[in-house]
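These notes concern the structure reproduced below.
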Amino acid sequence: MSSPAWENKPVLFLLLATAAILVGTIVTMVLPFAWVNTEADRIEGVTPYNPLELAGRDVYIREGCNNCHTQTVRPLVAEVLRYGEYSRSGEFVHDRPHLWGSRRTGPDLARIGGKYPDAWHYQHMAVPTSIVPRSNMPAYAFLSDRGIDPEYTRRKMDVLRFPYEVEQIAGLRGKTEMDAIVAYMQKLGRDLPVQRTAQPVTPPAIAENPFRNDAAAVAEGGALYAQHCAGCHGASLEGGIGPALSPSGFDEDMLFEVIYGGLPEGGMPAYASLGSARVWKMVNFILAPRGI
Amino acid sequence: MDAPHYNLGIVRSFIHWSILWGVVAILVGILISFQLVNPDLNFPPYLTYGRLRPLHTNAGIFGWAIGSFFALYLYMVQRLCRRPLWSDGLARFQLYLFNFTIIVAAVTLLLGFTQSKEYHELEWPVDLLVVVLWVVFSVNILMTIFKRKEQQMYVSLWFMAASLIGVAVLYLVNSAAVPVSLFKSYSAYAGTNDANVQWWYGHNAVAMVLTAPPLAVFYYFLPKSTGVPIFSHRLSIVAFWSLIFMYLWTGAHHLLWTPVPDWVQTLAMAFSIMLIAPSWGSVVNGYLSMNGQWHQMRENYLVKFLILGITFYGLQTLQGPLQAVRSFSAFIHYTEWVPGHVHMGALGWVSLVLFAAFYYLAPRIYNRELYSIPLANLHFWLVLIGQLIYSVSLWIAGVQQAGMWHAISPDGSLTYSFMESLVEMYPYYWARAFSGLIYLAGVAIFVYNLAMTARRGKPLMPAAA
């Protein structure tokens, strides 16, 4: 029986096998370097991490946050609605390693920066269920007990060739890993000069309160409030991370606008992705007269 | 004719250690599956989901799978080359280094030393240990092949040799990093490049660690178990070369809809579909080898493991390409569907074939008959049921999760919040944790059966060994 030469010649076989492996490797892994992270990818405003943010990013890596959270938004309608603008290559040029992840046991974090105030992150990191009652995220309270090493962080900045001021390094003294990871969270997605929070594809469908004196809508609004608002404004509107919501203090149209569009400067996220009907239900719940 | 003096002691040692690391992988897997339903089971800083999940995957891939392939390569290469190992001393050194590396890997992962790249988490000093380990292993296998007494290289040897090269190339390229300290480094690649290199590695680790080696094992142990040769030598040639050529193009199917260039994604998608052909080449070859032998499914427990194993390989290589299609990926990626897919390959295909090989070897390494075939059958059914509950429940979970993530109400708003989708996952997470316990029970019976074979099995006549 005749058999091909390579079946009897191991060296020839190894060379052929290596060649077979290298073709796809060169085309799909080596060649893309000619396109990626070039001038064409560059996005104005994308800056390297500062020392505190870098220290936070390393805490994120050490704790394996990428096992449950992704950092890339796909150009799909529901995804842009939920997380914000889809991700572009130029946003990641400073990321060594990338942290795109492969599973969303928790939500995507590519646009988390600026969505919530710092206080929200401190509390959520320490006791996630205090803000999101049925969350399965582990508690990371211990990060508050661990300091950042300024000298070690400076070495990291040097290895990555990120620019920094001496004062920034000195300023790390007394900072904890919790400070660092919150700073990192707030950096994510903020360099992009586009709307970072989820926005509706259309303006509010309902511009006027459709649920005045509707007890069922108030009840539904209560359930929505418990899920989305109570973490910051308290179970009985008494306030916490966010201000107390005294029914007398608001006009319904203004309240709708704030919930629907958010107050980016004040740390209030936009809830437009819930749709205007549900936002109106929350408005009616907050404004409903209640005896204490 | 004098039989060569094969080194079976080293094979036995690798089998024992790989099983130990396999049990560790399962135990950690069960722990993290319970953490997903009850976050109070996280014990920071060392025992949180984020640090334990890499330990689970590393123990499974590097401890159980690669440890087992060390054992089986060292066995097969001797038989297929009709000569003893090139160096027994090197093989012994490899065993110590292997266990040392796995222990260092486990400890450093729990301490939080990680590069964060999936299936390549180990930091650079541990990377170096892995490289030395792989070189020692490859030299011994290749030198044995070079100095073989059997002229023709059987198909198992092709898959083995190709995997030695493939793993070396993948691991070295993906591990390129600049160290900051002993246990911290930064990737040599940035952003989108880093992601593309990583998934070129990640997907081909599946090719070179979890496809080629178990195929080598399958091509050897199926004929050995049934007593009849493989159906077609020509089909195995076509399947081999097209498999190792096509696999390397497909990594970016893990990155569909991301900023990786579209043409790279499209190539990955196309080659993933094309990969069905070489994958099924081996599946069909396996099935047709059973022509006239299907009665052995009833009579020979080894055949049951092997045929179910290759069947799950066949299903895996249909489901995988389906997930690599853009439209389906848009729906299913990032959901629980994916762990369901991965575990069909890990628990169904790879582990079933390994169990069969170890049962086949048990009489040869212990010089005793297998203690109990009924227990081996019970093992088979428990791991099969455990794996099916795992995968099926997560496929359903994944479809539901994807449906909720993508649901849009008539007014253009999202129908469900993220938390609403998570809450719906909890019943499926319970099913997964439960299925892990069933699988563990099956493996416990396997371990018991081997231990009792070593201690109480009926001794074989010396000549029969």
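The values are calculated or read from the model by the stated rules, or taken from the named source; none is laboratory data. These figures come from a predicted structure and were not determined experimentally. Positions of Cβ are backbone-derived with ideal geometry, glycine not excepted, and every protein chain shown enters the neighbour counts. When the accessible area is computed, the model is the full protein with side chains, heavy atoms only, and any ligands, DNA or RNA have been set aside. Shrake-Rupley method; radii C 1.70, N 1.55, O 1.52, S 1.80 Å.
Here is how the numbers come out for the structure above:
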read-out: Per-region count, the range A:222-242, residues surrounded by fewer than 15 Cβ atoms within 10 Å (Cβ to Cβ) and either more than 14 Å from chain B (Cβ to nearest Cβ) or over 23 Å from A:Asn209 (Cα atoms) (or both); value: 4
read-out: Single match in A:Ala141, A:Ala119 (criterion: among the hydrophobic types (A, V, I, L, M, F, W, C), more than 9 Å from every other protein chain (Cβ to nearest Cβ) and either more than 30 Å from B:Gly251 (Cβ to Cβ) or in contact with an Asp or Glu (Cβ under 9 Å, 6 or more places away or on another chain) (or both)); value: A:Ala119
read-out: Test: residue in the range A:63-74 that is open to solvent by 30 Å² or more (accessible area, probe 1.4 Å) and either facing chain B (nearest Cβ under 7 Å) or among the charged types (D, E, K, R) (or both); value: no
read-out: Criterion (under 14 Å from the mean Cα position of the chain (by Cα) and within 28 Å of B:Lys149 (Cβ to Cβ)) met by exactly one of B:Phe14, B:Phe69; value: B:Phe69
read-out: The range A:86-115, subset in a loop (DSSP other than H, G, I, E, B) and in contact with a Pro (Cβ under 6 Å, 6 or more places away or on another chain), residue modelled with the lowest pLDDT; value: A:Lys115
read-out: Residue under evaluation A:Val30, criteria (1) facing chain B (nearest Cβ under 7 Å); (2) part of a helix (DSSP H, G or I); (3) open to solvent by 20 Å² or more (accessible area, probe 1.4 Å), criterion not met; value: (1)
read-out: Given (1) over 25 Å from the mean Cα position of the chain (by Cα); (2) at the interface with another protein chain (Cβ under 7 Å from one of its Cβ atoms); (3) not in a loop (DSSP other than H, G, I, E, B), index of the condition B:Gln152 fails; value: (3)
read-out: Subset of the range B:193-209 that is more than 10 Å from chain A (Cβ to nearest Cβ) and in contact with a Phe, Trp or Tyr (Cβ under 8 Å, 6 or more places away or on another chain) - its residue that is surrounded by the most Cβ atoms within 10 Å (Cβ to Cβ); value: B:His203
read-out: Residue that is nearest to the chain's Cα centre (by Cα), among those in the range B:107-124 that are under 12 Å from B:Ser187 (Cα atoms) and either assigned to a loop (DSSP other than H, G, I, E, B) or among the β-branched types (Val, Ile, Thr) (or both); value: B:Glu121
read-out: Of all residues in the range B:172-192 being in a helix (DSSP H, G or I) and not hydroxyl-bearing (Ser, Thr, Tyr), the one that is farthest from the other protein chains (Cβ to nearest Cβ); value: B:Leu172
read-out: Test for A:Tyr164: is it away from every other protein chain (no Cβ under 12 Å), of a type in the set (Phe, Trp, Tyr) and either in a helix (DSSP H, G or I) or within 23 Å of the chain's Cα centre (by Cα) (or both); value: no
read-out: Entirely in the range B:309-416, the helices (runs of 4 or more DSSP H) that have 1 or more residues that are away from every other protein chain (no Cβ under 14 Å), within 30 Å of B:Lys458 (Cβ to Cβ) and open to solvent by 10 Å² or more (accessible area, probe 1.4 Å); value: B:351-366, B:373-406
read-out: Residue, farthest from the chain's Cα centre (by Cα), within the range A:117-137, restricted to residues that are in a loop (DSSP other than H, G, I, E, B) and surrounded by 22 or more Cβ atoms within 10 Å (Cβ to Cβ); value: A:Asn136
